[in-house]
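Each remark here refers to the structure printed beneath this line.
Values quoted throughout were computed directly from the atomic coordinates according to the rules given, and no laboratory measurement underlies them. The structure presented is a predicted model; accordingly, all values stated were derived computationally and were not measured. Neighbour counts run over all protein chains shown; Cβ positions are idealised from the backbone, glycine included.
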Amino acid sequence: MKTAPEVLLVDDNPADIDLMNEVLAKSKRHFHVNAVGDGAEAMSFLRRQGKHAEAPSPDLVVLDLNLPRKDGREVLSDLKTDPALAKIPVVIFTSSEASSDISRCYELGANCYLRKPGNLPDFMAVVQSMADFWLGFANLPQKEKR
Amino acid sequence: MPMGCVLCVSACPTLVADSTNARGGPSERPDKIGGKLRALIVEDEPADVELMLRALRQAGFEASADVAQTAEEFTDLLRRNPYHVILADYKLPTWNGMESVEVLRREGLDVPVIVVSGALGELTAVECIKQGASDYVPKDHLVCLPEKVRRAMQDKRLRGEHKQTLGELARSNQDLEQFAYVASHDLQEPLRMVATYTQLLAERYRDKLDDNADKYIHYAVDGALRMQTLVQDLLAFSRVGRQGAGLQSTDCNVVVETAVKNLQTTVVESGARVTNDPLPVVVANGSQLLQVFQNLIANAIKFRGSDPLAIRISASKQGKEWVFSVADNGIGIAPEQAESIFAIFKRLHTSAEYPGSGIGLSICKKIIERQGGRIWVESETGQGSTFKFTLPATTPPGELRSRP
C-alpha cells in the first residue's frame, strides 16, 4: 500500500507555519506535515539525528531562506550535496525577492522558488498550488529504505 | 626638506593644517600673503626665477622654489615634494610649460598653474587658461604675480571646500536612501503578518461576531493592505537611487512606443489617442526613461476628462538640452499645485476618485534629476496638462561637469 507523502516545513516564523497548515489541512490530498523552526534542526530531522531519530524521510522540503542557526541557503547546499538527500525536491518559500537569492538557490539545486505573497488570498493560492503540483501531479522519486 | 603645504586631494583648512604640520611646514594658510610659499618653477632662465621669487618676497610671501627645466624633472619633483603653486614659462627649449597641466592631471594633483612668460599674446594666454592654467602673468608685469598667486591659492581652497561639501551632501543623500530602503524592506515582513492574519480573522469570523467587529476587522485589513502598497512604492522609489546611472544612447521613439505597448490595455479601454512627433536619440538610462514616459502617459489616462482623450508627445532642442513634452486634454491641475504634485506620496484626490499612492511623479522627478534634467507641469484646471522635462543633448551629465 502506498504511504502518505511526508512534507517538511522549515520556517522560523510560527505564524507562517500555522498559515501553511491552515491551507494544507483543507487540501483534499493526503499527506503528513512536519515542521521545524531553524536550519540546524532541519538538518538533524533530515539525517534523523538526536530527537529526530525516528523522523520520517520527507518527500518534499519547503524551505525558508532567512533562518536562525543555519541559514536556508546552507541547508539547501548541504542537502543537495548529500547523496542520501539530494533527490528530495526542495521548494524555496521566502519573502526575499532579491534576484541574487533566486539565482543562487537554483544554482544550489532548488527545485522551485516561490515568494510568500503579502495577502491572504494569494498566500493560500500559492500554498494550495504548491501542494497540488508537488504532492499531486509531480512524480516523486522512490524513497530508499533507511 | 621642503616647507611645503599639501597639494593634493583636499584643501579643507583643517586637513591642510594637519598635514603641513606633520611635514613640519607652515601652519598659516598659503593664500594669505605673508605665509610661506613653496613654488615649483618651470623655467630655463635662472635670472627669471630670481625675479619671480623677489616679486613674491616683496609682497610678503616667504617664498622658496624648486626649478624644473624638463618634463622629467618636473614630474620627478612633483612626485617627491608638495607645492603651493606652479609658475610655468610658456616656451622652454625642450618642452612647453603648458604640458605641466597635463602632467598634473595625470598625477591626479590639484596645484594651480600660473603661466609666467614673455610676450605671449592675448589669444595664447586665453588658450592656456582654457587648457587649465589658473592665470597668466607677463614677465614684465611680475608685480601682479603675488596677487595672482594668492587668488589662485584661494580658488583652489574654495574648490576643495566645494568638493567636500558636495561629497558630504552625496553621502548624506546616500544614507537617507539606504535608510528608506532598509526601513521599507524590513517593514514588509511584519506587515505581511498583520495583513494575512487580519484577513484570516475576517474570513474565519465573518458574521460570527457582531457587525462592529466585522467593520473593525475590515478597517484593519484595509489599512494593512494600503500600507503594503506604500511600502512597496517606497521601495520602488529608493530603488531608482540604488541603480547605477546606466547612461547609454537611447532612441526616444522606441521608448515611447514600448511605453504605449506596455499600457496597451488601459490605452484601448480609455479610447486614448497617443501620438508622437519624431523624437531624438538621447544619452539616458533607457529603462528608467521608459518608466518616466509610462508614468506620464498612465497619469494622462487616469486623469482624463469627458472629451475623447488625446495625448501628444513631442521634443524640441533648446540650447544644450532637449525639452520633452507630454500634453493631454484631461482634467488639468490648478497652477498652485503644480509643484507639490512631484512630492512623494502627494495626492490631490481621494483614492475613491482616483486610485494610487502618489508615487509616480516623484519617481519621474527622481529619474529625470538623476540624469541631469528638470521636470515640471504647465496646466490650468480643466485645460489639460502638459508635463515637460529636459535631458542633456548628446553629452552625458558627467562629462558636462568635467571642466570647472
**Fill in**
On the formula 1/(1 + (r/R0)^6), with r taken between the Cβ atoms of A:E97 and B:E102 and R0 of 60 Å, the FRET efficiency rounded to 0.05 is 0.75
**Message:** If you consider only alpha-carbon coordinates, what radius of gyration and Dmax does the protein assembly as shown have, in Å?
**Reply:** 34.5, 110
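Please identify the helices of chain A, taking whole runs of DSSP H, that span at least 24 Å along their own axis as judged from the Cα atoms and have a mean Kyte-Doolittle score of 1.6 or higher.
Span-like helices in chain A: none at all.
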**Complete:** The size of the Cβ-based charge dipole (Lys, Arg +1; Asp, Glu -1) of chain B about the Cα centre, to the nearest 20 debye, is 460
**Request:** For B:K130 paired with B:V281, estimate the spin-label separation in nm (one decimal), with each label point 7 Å from Cα along the Cα-to-Cβ line.
**Result:** 2.8
**Complete:** Among the DSSP H helices of chain B, those whose Cα atoms extend at least 27 Å along the helix axis and whose mean Kyte-Doolittle hydropathy is 1.6 or higher are none
**Request:** For A:A35, list long-range residues whose amide hydrogen, built 1.01 Å from N in the peptide plane, is under 5 Å from its own amide hydrogen.
**Result:** A:L9
**Request:** Go ahead and collect, in residue order, the members of segment A:1-25 whose backbone nitrogen is under 15 Å from a label point 7 Å along the Cα-Cβ direction of A:A84.
**Result:** none
**Message:** Could you tell me how far the Cα centroid of segment B:269-337 sits from the Cα centroid of segment A:53-128, in Å?
**Reply:** 44
**Asked** Taking amide H positions as placed 1.01 Å from N in the peptide plane, with prolines and chain starts having none, which residues 5 or more places from B:V283, or on another chain, fall under 5 Å of its amide H?
**Response** B:T250, B:T394
**Asked** How much FRET efficiency would the formula 1/(1 + (r/R0)^6) give for B:Y216 and A:S129, where r is the Cβ-Cβ distance and R0 is 30 Å, rounded to 0.05?
**Response** 0.40
**Request:** Would you give the gap between the C-alpha center of segment B:83-140 and the C-alpha center of segment A:2-31, rounded to a whole Å?
**Result:** 78
**Asked** What is the spread of the Cα atoms of segment A:6-135 along each of their three principal axes, largest first, in whole Å?
**Response** 36, 34, 24
**Shape box of chain B [Cα atoms, principal axes, largest first, Å]** = 101, 49, 36
**Asked** Any number yet on Rg/Rh for segment B:13-167, C-alpha, Kirkwood?
**Response** 0.94
**Prompt:** For B:A343 and B:E380 in one chain, what is 0.36 nm times their gap in residues minus the Cα-Cα distance, to one decimal in nm?
**Reply:** 11.4 nm
**Prompt:** Given H placed on each backbone N at 1.01 Å, which residues far from B:I41 in sequence or on other chains put an amide H within less than 5 Å of it?
**Reply:** B:D66, B:V67, B:A68, B:L87
**Prompt:** How large is the helix-only mean residue ellipticity at 222 nm for the protein assembly as shown, computed as the sum of -39500 (n - 2.57) over DSSP H runs with n ≥ 4, divided by its residue count, in deg cm²/dmol to the nearest 500?
**Reply:** -14500 deg cm²/dmol
**Item:** Simple spin-label estimate for A:H32 and B:D307 in nanometres, 7 Å along Cα-Cβ
**Value:** 7.3
**Fill in**
The exposure ranking of A:L19, B:L263, fewest beta-carbon neighbours within 10 Å first, is B:L263, A:L19
**Asked** Which aspartates and glutamates have a Cα lying under 17 Å from the Cα of A:K80, excluding residues fewer than 8 positions away in the same chain?
**Response** A:E41, A:D59, A:D64, A:D71, A:D101, A:E107, A:E144
